[in-house]
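S.K.: I am attaching a structure below and will ask some questions about it afterwards.
The values are calculated or read from the model by the stated rules, or taken from the named source; none is laboratory data. Computed from a predicted model, the values in this text were never measured in an experiment. Every residue, glycine as well, gets a Cβ built from its backbone with ideal geometry; the counts of neighbours run over all protein chains shown.
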Amino acid sequence: MQIERARAVLAGGCDSPVRSAWGVGGPMFLQADARGAYAYDEAGRRYIDYVMAYGPLLFGHSHPALVAGLDALAAGGFVWGATHPEEIRLAERIRAYLPSMERLRFVTTGTEAMMSAVRVARAFTGRSVILKFAGGYHGHFDLALFDAGASAGVGGARSGIPEGVRRDVVVARYDDLASVDERVARTSDQLAAIVVEPIAGNMGLVVPGAGFLEGLHERARRWGALLIFDEVITWLRFGLRGAQGRANMLPDLTALGKIMGGGVPIAAFGGREDVMAVLAPEGAAFTGGTHGGNPFCIAMAHRVLDLLETHPEYYATMRAVAERLARGIRTLFSERGLTYAVVQQESIVDFKFRAGPAGRNFDDARAADNGAYAAYYRAMLGRGVLLPPSQNEVMFVSSAHTAQDVDETLAAMRSYFCGTSHDSNAKS
């Protein structure tokens, strides 16, 4: 079997742990193809895909505007190792939508973008301590993994992360300024940056309450630290101006991810001109890489922005489909007497197997019944619906999803929930 073949050559049988489906008791989904809103296995069976590569596929798989004419796009080469006009033009386009990014630099992954932003913050402030939030996922570099969301939590001597790293990380509760004050009380004069997802998407979907982001901004100013927005998920998912435009805020630094290239490996970090000036060749801090700003990925990012600018109606389409899905799930839960909160923002839908109101932090996410989600995941996979193999992840809708896809999904959910006993008070 292919899973055995994978385990024989890939560490753990996969290139990212969540793909192994260890969090839901398996089976690992082996994908052979993808088109539009659908993933296909080796037998050719179609699955409605709500993973969407964990967010970046705004237009579904293989949108014609992104995949047509790729030979011509690659004819000049995949990587040059030189600055070029289209790289400059893309930076200008991004800055027009995200004015906080007065200067930016292209990299390859969201992990690299966040890691680089943290280094810049430390270089600018001359400090080392970073404040992050439990349940926030900011990539797989060392300090980001403490109390991380998604499926990335680590700990112990065998994690490969030196214990000394922990001394420079402070972890607070999301959407809780009192927790921030308590955790930073003794280290505010050593704090380099506050790192936050302005809308959290890695402990489920959590929209912070009024005043939280503004409170972080005020504290960063008061403590002499920088505010870093991780918009790897939220930029473009929440519009061309991202979560910071929605919040009407200008963070000091921002990280963007592969959504800008429709899923190809491109990311960026940037911020205030004076902050970014710490980078070589102007300053002493180094970030760099041969693939940063490579012409192929830059060209793909231009295609994505072209598509969004030409078809602004895509956002309304995705929102309408997501609202239909969320509304249908709420109706089903109400009929079954289940008090699971369904959260929907733009093209993201989420619920947890936990009774009561929507989650506000990672404590709420950890209180959800993972066993119940695992059974649900496996049952939905058997019914032709591909969900993320972790309850900390969310459902992503694309412009390729249709009302018919939603109705088929709701029918599969109804079949499962109507044939299964659930205690609505469990894990409350």
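The rows are residues; the columns are (1) assigned to a helix (DSSP H, G or I); (2) crowded, with 22+ Cβ neighbours inside 10 Å; (3) within 17 Å of the chain's Cα centre (by Cα).
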position	(1), (2), (3)
330	yes, no, no
338	no, no, no
350	no, yes, yes
354	no, yes, no
358	no, no, no
374	yes, no, no
379	yes, no, no
393	no, yes, yes
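S.K.: Take region 63-110 and flag every residue that is more than 16 Å from residue 270 (Cβ to Cβ) and part of a helix (DSSP H, G or I).
M.R.: If the condition is that a residue be more than 16 Å from residue 270 (Cβ to Cβ) and part of a helix (DSSP H, G or I), then 64, 65, 66, 67, 70, 71, 72, 73, 74, 85, 86 are the ones that fit.
S.K.: State yes or no: is residue 92 charged (D, E, K, R) and either crowded, with 21+ Cβ neighbours inside 10 Å or not assigned by TED's automatic domain parsing to the domain that holds residue 289 (or both)?
M.R.: It is false that residue 92 is charged (D, E, K, R) and either crowded, with 21+ Cβ neighbours inside 10 Å or not assigned by TED's automatic domain parsing to the domain that holds residue 289 (or both).
S.K.: Anything in region 133-145 that is part of a loop (DSSP other than H, G, I, E, B) and of a type in the set (Phe, Trp, Tyr)? List them, or say none.
M.R.: 137, 141
S.K.: Of the residues 108, 83, 125, which is in the same structural domain as residue 296 (by TED's automatic domain parsing), surrounded by fewer than 19 Cβ atoms within 10 Å (Cβ to Cβ) and either modelled with pLDDT of 95 or more or within 17 Å of residue 229 (Cα to Cα) (or both)?
M.R.: Testing whether each residue is in the same structural domain as residue 296 (by TED's automatic domain parsing), surrounded by fewer than 19 Cβ atoms within 10 Å (Cβ to Cβ) and either modelled with pLDDT of 95 or more or within 17 Å of residue 229 (Cα to Cα) (or both) leaves just 83.
S.K.: A further question on this structure: For residues in region 206-235 being within 22 Å of residue 316 (Cα to Cα) and surrounded by 24 or more Cβ atoms within 10 Å (Cβ to Cβ), which is farthest from the chain's Cα centre (by Cα)?
M.R.: Selected residue: 206.
S.K.: Another one. Considering only region 395-420, state which residues are small (Gly, Ala, Ser) and either closer than 24 Å to residue 148 by Cα or not in a helix (DSSP H, G or I) (or both).
M.R.: Scanning region 395-420 gives 398, 399, 400, 419.
S.K.: Continuing with the same structure: Please verify whether region 146-156 includes one or more residues that are under 17 Å from the mean Cα position of the chain (by Cα), in a loop (DSSP other than H, G, I, E, B) and free of Cβ contacts under 8 Å to residues at least 24 places away in the same chain.
M.R.: yes
S.K.: Can you confirm whether region 307-320 contains a residue that is over 25 Å from residue 26 (Cα atoms), surrounded by 21 or more Cβ atoms within 10 Å (Cβ to Cβ) and aliphatic (A, V, I, L, M)?
M.R.: yes
S.K.: Only residues that are touching a residue at least 24 places away in the same chain (Cβ under 8 Å), out of contact with any Gly (no Cβ under 9 Å at 6 or more places or on another chain) and either among the polar types (S, T, N, Q) or under 26 Å from residue 318 (Cβ atoms) (or both): list them for region 345-378, please.
M.R.: Across region 345-378, the qualifying residues are 345, 347, 349, 376.
S.K.: Okay, next question. Just wondering, is there one or more residues in region 109-120 that are under 19 Å from residue 283 (Cβ atoms) and free of Cβ contacts under 8 Å to residues at least 40 places away in the same chain?
M.R.: Looking for residues that are under 19 Å from residue 283 (Cβ atoms) and free of Cβ contacts under 8 Å to residues at least 40 places away in the same chain, one finds at least one in region 109-120, hence yes.
S.K.: Let me ask something else. So which residues in region 1-49 are of a type in the set (Asp, Glu), surrounded by 12 or more Cβ atoms within 10 Å (Cβ to Cβ) and outside any strand (DSSP E or B)?
M.R.: 41, the sole residue that qualifies.
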